[in-house]
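Colleague: Submitted below is the structure of interest, expressed as structure tokens.
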Amino acid sequence: MARSVPPRSTLAAAPPAARPLYTAEERRRRDASRWTLVQGVLAPLQFLVFAVSAVLVVRFLLTGQGLAAANISVVVKTIALYAIMYTGALWEHDVYGRYLFAPAFYWEDMVSMVVIALHTAYLYALATDALAPRPLMFLALAAYATYVVNAAQFVLKLRAARRAAPDAPRGALVAAAHAELA
């Protein structure tokens, strides 16, 4: 079955405060997208990997022990990030007709690019020995701090959308929240 690109909303140019997160048609497409469920699974999984990894990174910084475990955990977190960003772009295309930078999630996507850049810099530094272990772990923490800011952006935006659309089923809004949590 051929996929049609949804038309860009006439509200796309409206200021963010004036435009709802989803038009009725975008909400329908969000609920119909297979990527909504995928994102709903990947987002909490990525957060769990992040939490474990953050503990391992901090443990290394405090004790000097567990470097290999910390490095592996950051690599796994980065793979999870890449997966959620890829499937999130597919979700955004299904809902808004663009793979990234739809007006509704423009700033969240911009910060996501910083998150990806920092995680990718970590992988590069790890693979090339460009940084000693401690600076490498501080780079991981910088990537994680940016990830937390980005996650908060999505959570706050989607909570506001839930308040603005009380008639929408809660499960759909929770799935949508996970769809953009990167």
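Colleague: In whole Hz, what ³J(HN,Hα) sequence does region 137-143 give by Karplus (6.51, -1.76, 1.60; θ = phi - 60°), x for Gly and Pro?
Modeller: My calculation for region 137-143 gives 5, 5, 5, 4, 5, 5, 4 Hz in order.
Colleague: So how long is each side of region 27-180 along the principal axes, counting just the alpha-carbon atoms, biggest first, in Å?
Modeller: Sorted from largest, the Cα extents of region 27-180 read 52, 25, 22 Å.
Read the figures in this text as sums done on the coordinates, not as results from a lab. On a predicted model such as this, the values are computed, not experimentally measured, just so you know.
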